[in-house]
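J.: Sharing a structure with you now.
Please treat every number below as a calculation from the coordinates, not as lab data. All values reported here derive from a predicted model rather than from experimental measurement. Counting neighbours? That spans all protein chains shown, and the Cβs are built from the backbone with ideal geometry, glycine included.
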Amino acid sequence: MNDLNALLEPGMLVRHPDRPDWGVGQVQSNIGGRITVNFREEGKVVIDGARITLVPVIEP
């Protein structure tokens, strides 16, 4: 699993690097490298953390 993905916790905001059209997503869970994210424009998606490095979003 990617080291950055290992730090993701429920409630954190992220973007998918290859799908900017999905908008910002909120991490629902991160179990064994499978990260469930609820994206504003796409809904709930399970990401394989070994293949995709999600980008953390810092919002003021």
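J.: Given a Förster distance of 22 Å, report the FRET efficiency between ASP48 and ASP21 from their Cβ-Cβ distance, rounded to the nearest 0.05.
T.: On the way: r = 19 Å, r/R0 = 0.88.
That gives a FRET efficiency of 0.70.
J.: For an R0 of 22 angstrom, estimate the FRET efficiency from the Cβ-Cβ distance between LEU7 and GLN28 and round to the nearest 0.05. All intermediate terms of the calculation are to be shown ahead of the outcome.
T.: Values: r = 16 Å, r/R0 = 0.71.
Rounded to the nearest 0.05, the efficiency is 0.90.
J.: Beyond 17 Å, what share of the Cα-Cα pairs of the chain remains, rounded to the nearest whole percent? The partial results should precede the final answer.
T.: On the way: 430 of 1770 pairs.
Here the tail beyond 17 Å accounts for 24 percent of pairs.
J.: Another question, if that's okay. Quick one: net charge around ILE31, please, counting Lys, Arg +1 and Asp, Glu -1 for every other residue with C-beta under 14 Å from its C-beta.
T.: Its environment carries a net charge of -1.
J.: Find me the longest stretch of the chain that has none of the exposed trypsin sites (Lys or Arg not before Pro), where exposed means in a DSSP loop (not H, G, I, E or B) with at most 15 other Cβ atoms within 10 Å.
T.: Details: sites that count: ARG40, ARG51.
After excluding every exposed loop site, the longest remaining stretch is 1-39.
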